[in-house]
Amino acid sequence: METVTNPQSDVQVPLPLPLSLWRNRAYLLLWGGQSVSSVGTQVSQLALPLLMLALTHSPAQAGLLAALRGVALLLCGLPAGAWVDRWDRKRVMICCDVMRTLVFASVPLAAALGVLTAAQLYMVSFLEGVGFTFFGLAETASLRRVVAPTQLSAAVAQGQGTEAASSIIGPPVGGVLFGIGQAVPFVADAVSYALSVVSLLFIHTPLKEEQTAPRRPLRQEIGEGLAWLRGQRVVLFLMWLNGAMNLVYGGYTLLLIALAQRLGASSAAIGLMFSITSVGTIIGAAVSPWLQRKFTVSTLMIGLAWIFAVTWPPIAFAPDVIWLGVLNALAFFFVPVYIGTIFTYRLALIPGPLQGRVNSIFRIVTFVSQSAGFVLTGLLIQWYGAVWTVWLQFIPGLLIAIVTQFNRNLRHAGRVSDAYTS
């Protein structure tokens, strides 16, 4: 139990225990609303390219549609971080979800009127990307306002578990709804965002940081986030480590599909394979807080870098798609531990007024490296085949583990809990 010294008696007195996450009304409203909209997002992310294909019969246009969501992040990521630190975060999230409710509701409306076009779907994808960018930064920055510092690991892990569960539930539901009617998934997604708005309206905890400094030009405020990050050697290394990991492993979904197709797997079997993989992610998210309490950030990052490297080659030897799913479930058990450790550590260290700006930098590096990793994996598969791609990616994965092992700055990183009081 944490203690504090009474200044009048010099006696150590215990601090009150933080409210359980399951009894924390503000947290449950934030998490619950986002959980519902997360399933809706998974539904629409499947339905949007399917609808574009049905409308245009063009895979290229379907690919461009998906890319526009990422373009929104690149265009507004840095200024969004600064604005989120300026504005009331609750209002930001409500405005984002109101916009996304209207945007997705416009799809079935246009379809019913017979005026749905590819241009409208492009706009829907881009605006959803803008809403996703602002909402995600505001939600992340708000987390420290609704939970105690010592509960960050558990809250982050719970969010990861929700995302993994959404990735299992959302796509099948989206496929079924699209089969009922091409516009039906978008009705469901609009409803999910509307429910998120309702949940946010009932949060009474102030989510905005107190402004202790006068407002400065936007470029200067963005620079403050960059300057803080440059001065944090461990956090900076973790950002570039995450970028390198995404560059090597970012296209894993494409590689798994190619390996599964090589084994003659059907589309249904491939879907089952990804469901098995997601189960590993959910279990990993459940044990992530315990591992963060047990081990230092240094030990976890070094150990996980080696685990990712040595568990990569076995997927090339999987005899069938079920074993391929099982092997990836074992490897992806560690993914939420890796992501959760980096996420919680930086949330605990970043000053409240800088949360939006610093996290926006992380998100941009993550997106660019993931996108580049996806493209690189596709080229390697096309040039050398799926099995050789596994081995070609194993080499840089091994180098990442070696660099992580011998990084001097990382050696000084203690447990995540140490960052709460730093």
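Filtered by the rule that a residue be of a type outside the set (D, E, K, R) and either under 13 Å from the mean Cα position of the chain (by Cα) or open to solvent by 20 Å² or more (accessible area, probe 1.4 Å) (or both), segment 346-363 gives Leu349, Pro351, Pro353, Leu354, Asn359, Ser360, Phe362.
Just wondering, is there one or more residues in segment 331-342 that are on the phi < 0 side of the Ramachandran plot, modelled with pLDDT under 85 and not acidic (Asp, Glu)? So far as segment 331-342 goes, yes, one or more of its residues are on the phi < 0 side of the Ramachandran plot, modelled with pLDDT under 85 and not acidic (Asp, Glu).
Is segment 298-313 home to any residue that is farther than 25 Å from Gln405 by Cβ and either in a loop (DSSP other than H, G, I, E, B) or of a type in the set (A, V, I, L, M, F, W, C) (or both)? No; the residues of segment 298-313 include none that is farther than 25 Å from Gln405 by Cβ and either in a loop (DSSP other than H, G, I, E, B) or of a type in the set (A, V, I, L, M, F, W, C) (or both). Can you confirm whether Met99 is open to solvent by 30 Å² or more (accessible area, probe 1.4 Å), hydrophobic (A, V, I, L, M, F, W, C) and free of Cβ contacts under 8 Å to residues at least 24 places away in the same chain? No; evaluated as a whole, the condition is false for this residue.
Summed over segment 50-87, the residues that are open to solvent by less than 50 Å² (accessible area, probe 1.4 Å) and of a type outside the set (A, V, I, L, M, F, W, C) give a count of 9. Restricted to segment 291-310, and to residues there that are polar (S, T, N, Q) and at pLDDT 90 or above, the residue that is least open to solvent (accessible area, probe 1.4 Å) is Ser298. Per the listing Ala165, Ala190, Ala157, the residue uniquely surrounded by 18 or more Cβ atoms within 10 Å (Cβ to Cβ), in contact with a Pro (Cβ under 7 Å, 6 or more places away or on another chain) and either at pLDDT 85 or above or assigned to a helix (DSSP H, G or I) (or both) is Ala157. Listed by first and then second residue, the pairs linking a residue in segment 69-89 that is at pLDDT 85 or above to a residue that is assigned to a helix (DSSP H, G or I) and of a type in the set (Asp, Glu), with Cβ atoms under 6 Å apart and 6 or more places separating them unless they lie on different chains, are Ala82/Glu221.
Here Thr366, Thr404 are screened, and the one residue that is open to solvent by less than 70 Å² (accessible area, probe 1.4 Å), assigned to a helix (DSSP H, G or I), polar (S, T, N, Q) and under 24 Å from Ser278 (Cα atoms) is Thr366.
Restricting Leu327, Leu354, Leu376 to those that are in contact with a Pro (Cβ under 6 Å, 6 or more places away or on another chain) and assigned to a helix (DSSP H, G or I) reduces the list to Leu327. Taken over segment 214-246, the criterion of being under 27 Å from Leu304 (Cβ atoms) and among the charged types (D, E, K, R) is satisfied by Arg230, Arg233.
The values are calculated or read from the model by the stated rules, or taken from the named source; none is laboratory data. All values derive from a computational prediction rather than experimental measurement. Counting neighbours? That spans all protein chains shown, and the Cβs are built from the backbone with ideal geometry, glycine included. Note: areas computed on protein heavy atoms with side chains; ligands, DNA, RNA excluded. Shrake-Rupley method; radii C 1.70, N 1.55, O 1.52, S 1.80 Å.
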